[in-house]
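Structure first, commentary second.
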Amino acid sequence: MRNLSARVRGAPGRLLRDVSLSVAAGEVRGLVGESGAGKSMIGKAVLGILPRAVEVLSGEILLDGTDLLRLAPDDRRRRIGASCALIPQDPLTALNPSRRIGPQITDRLVDILGWSRTKAQSRARDLLAEVQITDPDRVLRQYPHELSGGMRQRVLIASAFAAEPKLIVADEPTTALDVTVQKEVLRLIAGMQARHGTALLFVTHDLGVVSKVCQSLTVLYGGLVVEDTAVRDFFPAPAHPYARALLAATPKYTDPGSSLVPVPRQVLDGIQAQVDAADRGWRHG
Amino acid sequence: MQLFRAVILRLLTTAVTLLGVAVIVFVVIRVVPGNPIAMMLPPGATDEDVARLTALYGLDKSIFRQFLIWAGGVLQGDFGTSITTRQPVLGLVLGRLPATLELSVMALVIATLIGGFAALTGTRLRGTRSEAAIDVANGMALSVPDFLWGLVLILLFGVLWPVFHISGRVTPSIELPFTTDFYLFESLVRLRFDLWRDIVSHMLLPALALAIPLAAIIGQVLKQSLKETMHLDYVTLSRTKGYSETHVITREALPNAILPTLTLVGVQFTFLIGGTVIIERMFSYEGLGNMAIDAVINRDLPLIQGIVILFAVIFTGVNLVVDLAYAALNPRLRHG
């Protein structure tokens, strides 16, 4: 993604301010920031599901060298369907309650990629086994309400990997889950990603999660990239003061009382100045 | 097993409902002014004649006794004899029922097609001027009652541009080879498309008059419900799979959006059947509703009772069908 800017139609400010980031095949990139920093917006832009009110002002989204934004809408959605996938945030609402699990995993393979039904079916069975669902054949015939939240998230992960996509966007995939299930699901996603060699953009606000599954990291504030680094380098010494403050604000289970450090005032002022500077350049250009 | 219990329970409550309806109708039509005997006798009949006829029809007994006699007959399948035509009520009513059923079902089908199409198109084109136009048309259709639509349609397609029949159920000169009273259905089964066209040409305007307000309601509720569904995560997920907007609406959103609409359609369909009374009169369509008006004018007490009971049976039947359809469409209820 290069220099992507977007705004709410008719609004003066920008949601995304010249955001550039890249995810290589086999890489897991964490995308962190506060609520409203624009991290989900980036995931949506990549997948072509930006809300109607949001318009892309400039920049490009490159997938294997093709700019998705330049494709005709129908080509774009087919291209995205064939080579990108989403692991959604809330497994309880991300499965259609009136359709069986099986078709919800295989529909893309059959309708978009033109697989035969039997081939898609056996692929779905293998994937469910891979996400450690014990009785895949039964689950394929079941409806979402018959499965637990953790099971549904496994189904969604399996479904995301179904078409062997080049890129998967995971939009806070563990936020809605029970703490006990979170770890398991994380391990599952990381394991699947490693086996399939997929590029994974991991949207989250949890730096702890980032340290466990990601290799590189982009920190976003107000739609502006404030830090873009390898996880290896980030945790010992974040470069940007905001990133440092964010890391300091991460709760530590060992000492819960002391850990709730707010981001210092001067850091926020500094970062706001940076945002304003970016916008000045934009208005002139 | 659970379904079986639900149906039994439903039948029991239906019986109570029907009893209540029977009592109310029975009492009301005997308490309001107007006397069937007076309608039957020629002017100048003596008091003696009146008394003799009153006794003949059992109208001199107390309302309670009359009810017991009538209810006893009903339980044995005897709904009494029509005072004006002197024929068994049951035969008369069942003879007219198919005409009304065909008309109502045709209206329902038209309403579902128009309303469904409006809702889907409106959702597909949301945010555009076409959507606003559909909303305006919907509002207009909704704010005019069915009998006014009837008048408008008669004026447009019966008088100004007479392409459809506006009176009766079939052209009287046509010889009908039918064994049942379901003309529309039987003409199709017998592949008599000449007759079918004539029958449809008679039914279309009254059916349309009944259908337009219902179509507007279906369009509005379904569209609203689709709108809410379109924001849900599984719809978004389906978009990322590469599906077109049309596919997303019809395959992902529609099956879930249809449920709240279904309940409403059930209720509205019973109103539509009620509407047939006026519409049938307006189009001289030989159905139950038209017969009901004649029966009331003539104070034909047994016939009124029979028709009202039949309407009540239809209403409860429609509600039962809606509930069953709801269970069939909603997997959470089917297995629950």
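When Lys and Arg each count +1 and Asp and Glu each count -1, what net charge do the other residues less than 11 Å away from A:His205, Cβ to Cβ, add up to?
After counting each charged neighbour, the total is -2.
Need the full-extension length gain, A:Lys183 to A:Arg52, defined as separation in residues times 0.36 nm minus the C-alpha distance. One decimal, nm.
My answer for the length gained is 43.7 nm.
Using only the alpha-carbon atoms, how far is helix A:265-284 inclined from the longest principal axis of chain A? Give it as 0 to 90 degrees, nearest 10.
Its long axis makes an angle of about 80 degrees.
Using DSSP H assignments, which helices in chain B have an axial alpha-carbon span of 20 Å or above and a mean Kyte-Doolittle hydropathy of 0.5 or higher?
Those that pass (Cα extent of 20 Å or more, hydropathy at least 0.5) are B:2-31, B:89-124, B:193-230, B:254-282, B:301-329.
Let me know the mean shielding of B:240-252 by other chains, meaning the per-residue number of their Cβ atoms within 10 Å of its Cβ.
Taking the mean over all residues of the peptide, I get 6.
I want to verify a result. In a Gaussian network model of chain B, Cα cutoff 10 Å, which of these has the top mean-square fluctuation: B:Thr316, B:Thr180, B:Thr84?
Evaluated over chain B, the most mobile residue of the options is B:Thr180.
What's the average, rounded to a whole number, of partner chain beta-carbon atoms within 10 Å of each residue's beta-carbon in A:75-84?
Mean shielding count: 3.
Say R0 is 25 Å: what FRET efficiency, to the nearest 0.05, do B:Phe178 and B:Gln87 get from their beta-carbon distance?
Efficiency at R0 = 25 Å is approximately 0.80.
Helix-derived [θ] at 222 nm for chain B: sum -39500 (n - 2.57) over DSSP H runs of at least 4, divide by residue count, nearest 500?
-24000 deg cm²/dmol
With a point put 7 Å past each Cα toward its Cβ, work out how far B:Val159 is from A:Gln266 in nm, to one decimal.
Taking the two extended label points, one gets 8.8 nm.
What average number of partner chain Cβ atoms lie no more than 10 Å from the Cβ of the residues making up A:111-122?
Per residue, the average neighbour count from other chains is 1.
Taking the Cα of B:Ala327, stepping 7 Å toward and past its beta carbon, and measuring to each backbone N in region A:96-125: which are under 20 Å?
A:98-99, by backbone N distance to the label point.
Starting with the highest mean, order A:156-165, B:141-150 by the number of other Cβ atoms within 10 Å, averaged over the residues of each peptide.
By packing density, highest mean first, the sequence is A:156-165, B:141-150.
Note down the net charge around A:Leu109, summing +1 for each Lys or Arg and -1 for each Asp or Glu among other residues with Cβ under 11 Å from its Cβ.
Summing Lys/Arg as +1 and Asp/Glu as -1 gives +2.
Compute a Gaussian network model of chain B, connecting alpha carbons closer than 10 Å, and tell me which residue from B:Ala216, B:Ala137, B:Ala119 fluctuates the most.
B:Ala137
Values quoted throughout were computed directly from the atomic coordinates according to the rules given, and no laboratory measurement underlies them. Please read these numbers as outputs of a predicted model, since none were measured by experiment. A quick note on method: Cβ atoms are made from the backbone with ideal geometry, for glycine too, and the neighbour counts reach across all protein chains shown.
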